[in-house]
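These notes are about the structure you will find just below.
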Amino acid sequence: MARGTLPKACLLAAGALAGTTAALAQAPDTSSWVCEFCPFEEGYRAEYDAGASFVTDDAAYFGDASGYDEKGVYADLGGSGSLVTEAHQVRWLLEDVGLDSRRLSLDGGNPGSYGYRLDYRELPRHRFDTTQTVFEQATADTLMLPPGWTRAPTTDGFTALDASLANRDISSDRQTLDIGGRFLPGERWQLSADYRRQERDGLRIASGSYFTQSSLLPAPFDYSTDEAEVALRYALARGYLKLSYFGSFFRNENAALRWQTPFTSAPGAETGVQAQAPDN
């Protein structure tokens with residue numbers, strides 16, 4: 001073998017490598033390929049559920065956040081679905097429609113152009129269903145004693161206590177509504193707006209102090225909170241710029257809680273007043 005000459009085996013290997021590189025450089029012909037396992041979703045699709053549930057006894061703990069708080073039969077209704085076309089798509093969801101813990105959701109739009117969403121939820125809270133009290137709700141923010149109540153310095157002197165006790169469910173409901181949308185006027189621009197309203201109302205246990213005595217009160221409450229946000233966003237090559245406004249507004253329908261004290265008090269001073277959370 002002369003100096004500087006490659007062996008015959010090396011020349012054959014180099015030729016085979018060159019042929020493999022040329023074959024890889026040619027793009028495959030995909031004209032006859034068919035996607036059977038990952039088709040694009042199109043058209044209408046929906047699934048619905050219908051049934052029933054039965055609760056044997058009243059139970060606040062079991063019904064907390066679920067809605068199954070009272071004895072009886074409940075309808076179990078729900079479902080989901082979608083409608084997809086080349087220009088638009090929409091999807092929806094229904095959960096526990098027959099209960100107080102129901103949810104309804106809807107979102108859709110045209111990807112890359114605009115979008116919208118709507119979501120509504122309810123959440124029941126049941127703390128106690130065996131609570132008894134002598135207070136009667138006269139108005140939205142006032143608690144009254146029953147007729148014939150005899151005041152005394154201590155609870156030992158409440159002669160009408162047993163006959164005046166009445167059941168009160170310490171429970172509340174929360175409803176939440178979400179609405180939002182987005183619009184893309186250009187390749188880098190996005191305009192969005194979102195709004196949420198939450199309402200809460202029911203009864204809670206509050207402590208009402210009156211000089212040296214105190215009472216546990218079945219206090220009614222009625223709250224609402226509105227939140228809104230508007231934003232303009234511009235996409236950069238390695239980040240984005242965003243200008244937005246966010247506002248949150250709380251409203252309390254009951255500015256104060258008033259109750260007649262069951263204890264002996266000075267003439268003309270039989271009612272206590274307690275400030276509640278202010279609007280802001």
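A few points about this structure:
- Residue 138-residue 248 FRET efficiency (beta carbon distance; Förster radius 41 Å; 0.05 resolution): 0.80
- Label zone at residue 47 (point 7 Å along Cα-to-Cβ), backbone N below 17 Å, the range 80-122: 80-84, 91-97, 105
- Integer Hz, Karplus 6.51/-1.76/1.60 couplings in order for the range 144-152, x for Gly and Pro: 10, 7, x, x, x, 5, 9, 6, 8
- Gaussian network model of the chain, Cα within-10 Å springs - most flexible of 56, 142, 133: 56
- Segment residue 216-residue 113, length gained on full extension (0.36 nm per residue, minus Cα span): 31.4 nm
- Computed [θ] at 222 nm, helices only, for the chain once each DSSP H run of length n ≥ 4 contributes -39500 (n - 2.57): -2500 deg cm²/dmol
- Prolate/oblate/rounded label for the range 90-203 (Cα gyration tensor, a/c 1.5): prolate
- Legend: calculated FRET efficiency, residue 233 to residue 75, from the Cβ-Cβ distance at R0 = 25 Å, rounded to 0.05, equals 0.05.
- Proportion of all alpha-carbon pairs of the range 73-145 beyond 18 Å (%): 63
- Normalised contact order of the range 211-276, rounded percent, pairs of Cα under 8 Å and 6 or more residues apart: 29
- As a length-normalised measure over Cα pairs under 8 Å and 6 or more apart, the relative contact order of the chain settles at 11 percent.
- Angle between the chain longest axis and helix 8-25 axis [Cα atoms, degrees, rounded to 10]: 50
- Here the alpha carbons of the range 145-280 define both size measures, Rg and Dmax, at 24.9, 79 Å.
- Among the trypsin sites (Lys or Arg not before Pro) in the range 188-240, those located in a DSSP loop and surrounded by at most 11 other Cβ atoms within 10 Å of their own Cβ are 238.
- If the segment from residue 34 to residue 274 were pulled out straight at 0.36 nm per residue, it would be longer than the present Cα-Cα gap by 79.1 nm.
- With the cut-off at under 18 Å, measuring from each backbone N in the range 107-145 to a point 7 Å along the Cα-to-Cβ line of residue 163 picks out 133-136, 145.
- Sequentially through the range 229-246, phi angles give Karplus couplings (6.51, -1.76, 1.60; θ = phi - 60°) of 9, 10, 9, 10, 10, 10, 8, 9, 5, 9, x, 7, 10, 9, 10, 9, 10, 10 Hz, Gly and Pro residues having no value and appearing as x.
- Average projection area in nm² (convex hull over Cα atoms of the chain, one quarter of hull surface): 32.2
- By accessible area, using a 1.4 Å probe on protein heavy atoms only, the chain has 56% of its surface on carbon and sulfur.
The values are calculated or read from the model by the stated rules, or taken from the named source; none is laboratory data. Quick caveat, the model's predicted, so the values are computed rather than measured. Positions of Cβ are backbone-derived with ideal geometry, glycine not excepted, and every protein chain shown enters the neighbour counts. Only protein heavy atoms, including side chains, enter the accessible area calculation; ligands, DNA and RNA are left aside. Shrake-Rupley method; radii C 1.70, N 1.55, O 1.52, S 1.80 Å.
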